[in-house]
Amino acid sequence: MAISSTFSAAKLDSLLMNYCSSSSASFSGAYFPYQQQMKVFPRPNYGNKGMLSRNGGVRCEAAEFNAALGPQKIDPSKASALSALQQLKTSAADRYTKERSSIVVIGLSVHTAPVEMREKLAIPEAEMPRAIGVLCGLNHIEEAAVLSTCNRMEIYVVALSQHRGVKEVTEWMSKTSGIPVSEICEHRFLLYNKDATQHLFEVSAGLDSLVLGEGQILAQVRQVVKAGEGVLGFGRNISGLFKHAITVGKRVRTETNIAAGAVSVSSAAVELAFMKLPESSHTTARMLVVGAGKMGKLVIKHLVAKGCTKMVVVNRSEEKVAAIREEMKGVEIIYRPFTDMLACSAEADVIFTSTASETPLFLKEHVKDLPPVSSEVGGLRLFIDISVPRNVGSCVTDVEGAQVYNVDDLKEVVAANKEDRLRKAMEAQAIITEELKQFEAWRDSLETVPTIKKLRAYADRIRLAELEKCLSKMGEDIPNKTRKAVDDLSRGIVNKLLHGPMQHLRCDGNDSRTLNEALENMNALNRMFGLESDLSLVEQKIRAKVEQSQK
């Protein structure tokens with residue numbers, strides 16, 4: 001969002017002086033942190049994705065502003081307030097006028113952060129609309145979306161300022177999870193604009209998954225769009241980004257063989273269990289599945305594919321288990337309620353857990369008294385936990401005779417087909433590159449939308465003013481029919497005059513030449529008619545910041 005340079009003059013004075021005069025001491029570096037030295041937090045190597053946006057660095061013109069003021073006598077009692085005003089003009093105003101809003105992703109994934117950290121940051125699906133609202137309430141965030149799965153926690157935002165936006169979101173993540181900011185910075189990755197877009201496209205296509213090409217992530221990206229429908233902060237840029245990512249994911253799976261032979265997290269969990277069991281026990285090991293949701297159902301399917309003909313499923317209700325039983329005829333699927341979970345565990349050799357519980361279902365005190373398993377299955381009771389947050393506490397690893405695996409341990413399964421993964425990824429990257437250009441062009445085309453609206457409003461103001469003059473000269477006893485005819489005439493003239501400029505501003509983003517022309521026309525119209533950008537959002541952000549400083 002571009003803001004006119006006129007923002008830094010009288011409008012800011014009138015907006016802020018009312019606050020400054022009554023509470024000058026409340027403005028400090030804590031609320032105007034641009035005066036502080038910026039810090040760059042280190043992050044792990046995350047492939048070749050860059051951390052720099054296309055917009056370049058941050059401008060700061062404090063020296064020019066001070067020089068323009070010249071020598072003036074300032075009342076010491078108002079010095080702090082004036083300093084705050086100067087800081088706002090030279091940082092916030094200048095930043096918003098020179099820097100286009102950026103798409104930013106602040107994320108932690110299976111590649112950069114352990115499951116112990118990801119589970120604390122996980123956001124349940126039902127909480128996503130509230131999280132979007134809170135994120136968009138931050139001073140430098142316009143739009144937001146949250147992608148929270150067992151393998152990743154990624155927050156996508158449109159930020160008025162990259163540096164401040166990242167800082168605010170990171171602090172929010174720390175506050176909600178209890179993880180120190182320094183620890184989050186150590187494990188997070190930051191991507192901006194084109195890199196952020198490419199990352200989400202790769203995620204949706206299954207290229208960034210622990211298991212290449214797995215289909216569940218595409219369903220999870222769809223769920224983000226569904227959860228964001230009707231939520232104020234799930235705006236045009238972010239919703240467009242996620243909808244395009246769905247298109248990319250579908251196209252990659254349709255036009256390449258990336259999904260051929262691909263395994264999901266659930267199938268990798270089953271594969272891991274069979275890798276750890278003695279081969280002789282593959283058909284006799286007693287299987288328990290805790291949770292009959294999407295992940296649990298897939299576990300059951302893959303167990304059946306491996307030759308299992310009998311298993312116990314623990315779930316809150318029998319309805320889902322009955323549906324799975326009906327679908328997989330010939331397999332003995334025994335339902336048990338959650339109250340029987342520990343009793344069922346005592347009779348199981350392998351326990352798969354995949355529930356949405358936010359607290360562990362199995363702790364050391366639950367497992368230590370379970371009877372030992374037979375030596376025929378290796379003498380260890382296997383807990384395969386594919387839930388985030390985890391269903392099996394890490395303390396269970398201390399119990400003799402128990403072995404715990406979580407989603408991070410699935411890397412052992414997927415390491416075997418590394419060459420095939422790389423070949424398939426190259427096929428998909430060509431599609432992603434093509435779609436990336438289309439999305440960037442579409443986003444660039446949105447630059448002309450505010451000018452179209454402003455030009456229309458500008459012309460309509462003139463039309464209404466001249467119409468009022470005309471009608472007043474015609475007298476008060478004008479028939480309604482005549483009044484309507486004059487009004488229609490004025491509208492028709494304005495519409496015909498605007499038709500040409502409007503056509504030269506509209507662009508779908510598919511043709512780079514047409515897009516460049518549209519942007520040139522936009523800049524020309526802004527100069528010719530002195531069209532001012534919409535300041536309402538920035539005003540609201542600044543007003544909220546000032547009010548917060550006085551609390």
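Here are some residues: T247, T254. Which one is free of Cβ contacts under 8 Å to residues at least 24 places away in the same chain and more than 30 Å from V404 (Cβ to Cβ)? Matching residue, one of T247, T254: T254. Taken residue by residue, the stretch 472-483 has no member that is in contact (Cβ under 8 Å) with a residue 40 or more places away in the chain and either surrounded by 13 or more Cβ atoms within 10 Å (Cβ to Cβ) or of a type outside the set (S, T, Y) (or both).
Among the residues of the stretch 238-269, those that are of a type in the set (S, T, N, Q) and open to solvent by less than 30 Å² (accessible area, probe 1.4 Å) comprise S239, T256, S264, S266, S267. Within the stretch 332-343, residues that are under 18 Å from V367 (Cα atoms) reach partners that are β-branched (V, I, T) and surrounded by 15 or more Cβ atoms within 10 Å (Cβ to Cβ) with beta carbons closer than 8 Å, at six or more positions or on different chains, in the pairs F338/V314; D340/V314; M341/V290; M341/V314. Taking into account only those residues within the stretch 252-306 that are of a type in the set (K, R) and within 28 Å of the chain's Cα centre (by Cα), which is nearest to V203 (Cα to Cα)? That would be R253.
Residues considered: I132, I246, I238. Of these, the only one that is out of contact with any strand residue (DSSP E or B) (no Cβ under 7 Å at 6 or more places or on another chain) and among the hydrophobic types (A, V, I, L, M, F, W, C) is I246. Within the stretch 467-474, at least one residue is at pLDDT 85 or above and not in a helix (DSSP H, G or I). Flag not set for A322, criterion: hydrophobic (A, V, I, L, M, F, W, C), modelled with pLDDT under 90, open to solvent by 20 Å² or more (accessible area, probe 1.4 Å) and over 21 Å from F362 (Cβ atoms).
The residue pairs whose first member lies in the stretch 279-291 and is in contact (Cβ under 8 Å) with a residue 60 or more places away in the chain and within 25 Å of F362 (Cα to Cα), whose second member is of a type in the set (A, V, I, L, M) and part of a loop (DSSP other than H, G, I, E, B), and whose beta carbons are closer than 6 Å, counting only pairs six or more residues apart or on different chains, are A285/L277; R286/A348; L288/A348.
On inspection, V312 qualifies as open to solvent by 20 Å² or more (accessible area, probe 1.4 Å) and among the β-branched types (V, I, T).
Of the residues in the stretch 317-333, none is of a type outside the set (K, R) and under 30 Å from M117 (Cα atoms). Against the definition (of a type outside the set (K, R) and out of contact with any Ser or Thr (no Cβ under 8 Å at 6 or more places or on another chain)), how does I258 come out, yes or no? Against the criterion (of a type outside the set (K, R) and out of contact with any Ser or Thr (no Cβ under 8 Å at 6 or more places or on another chain)), I258 qualifies. Listed conditions (1) in a loop (DSSP other than H, G, I, E, B); (2) modelled with pLDDT of 90 or more; (3) of a type in the set (S, T, Y) are all met by S239, apart from (1). Considering the stretch 207-236, the residues that are modelled with pLDDT of 90 or more and of a type in the set (K, R) include one that is most open to solvent (accessible area, probe 1.4 Å), namely K226.
Taking strands (runs of 3 or more DSSP E) as the structural unit, those lying wholly within the stretch 325-399 and holding at least 2 residues that are surrounded by fewer than 15 Cβ atoms within 10 Å (Cβ to Cβ), of a type outside the set (K, R) and in contact with a strand residue (DSSP E or B) (Cβ under 7 Å, 6 or more places away or on another chain) correspond to 332-336. Restricting attention to the stretch 129-154, and to residues there that are more than 15 Å from L218 (Cα to Cα) and in contact with a Ser or Thr (Cβ under 7 Å, 6 or more places away or on another chain), which single residue is least open to solvent (accessible area, probe 1.4 Å)? Selected residue: H140.
The values are calculated or read from the model by the stated rules, or taken from the named source; none is laboratory data. These numbers were taken from a predicted model, which means no experiment stands behind them. Reconstructed Cβ throughout: ideal geometry from the backbone, glycine too, with neighbour counts over all protein chains shown. Quick note on the areas: whole protein, heavy atoms, side chains included, nothing else; ligands and nucleic acids left out. Shrake-Rupley method; radii C 1.70, N 1.55, O 1.52, S 1.80 Å.
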